[in-house]
Amino acid sequence: MLSKFLSLFSKPPTAKFSASAVTDANFTQGTDWNSLYRDRYNYDRQTVLAEALKAWRLNPLARRIVTITRQYVIDGIEFDCTHEGTKAFLAKFWNDPLNHIGRHLGEWADELALTGNLFP
């Protein structure tokens, strides 16, 4: 891998630059730039998500990290508004039986910590 990388610098550059538009074929010369400048390996998203869920289920330290994140993010959430109409709307939205925002906050915080998505 290192020899392949170093061989790229031993050859004189063959790309042609001009005032006209440069096409991908002329510029890259078949080099896979994504593989050269990556700081980690390619991964399968499903594998990473499965490993995160497995760690959360089996590893007490991972579960505690998620719990601490949940406590930090959602504990003590309150809203206050000087405009009475807006304050009434927020209270109605927050407490509406279809929304149950207060009940879902913990689940949402855990989901965000585990997968990075609030709504999978």
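We did not get these values from a lab; they are worked out from the coordinates using the rules stated. All values derive from a computational prediction rather than experimental measurement. Note: ideal-geometry Cβ built from the backbone for every residue, glycine included; neighbour counts use all protein chains shown.
Quick notes
- Across region 65-70, rounded Karplus estimates of 3J(HN,Hα) from the backbone phi angles (6.51 cos²θ - 1.76 cosθ + 1.60, θ = phi - 60°) give 4, 5, 5, 5, 4, 4 Hz, Gly and Pro being marked x.
- Pairwise FRET efficiency - residue 115 versus residue 84, Cβ, R0 = 41 Å, nearest 0.05: 0.60
- With K and R counted +1 and D and E -1, the other residues having a Cβ less than 14 Å from that of residue 104 yield a net charge of -2.
- Here the spin labels are modelled as points 7 Å beyond Cα on the Cα-Cβ line, and at residue 48 and residue 98 they lie 3.5 nm apart.
- Summed residue charge, Cβ within 15 Å of residue 64's Cβ, Lys/Arg positive, Asp/Glu negative: +2
- Additional length obtainable on full extension of the chain from residue 58 to residue 105, 0.36 nm per residue less Cα span: 14.6 nm
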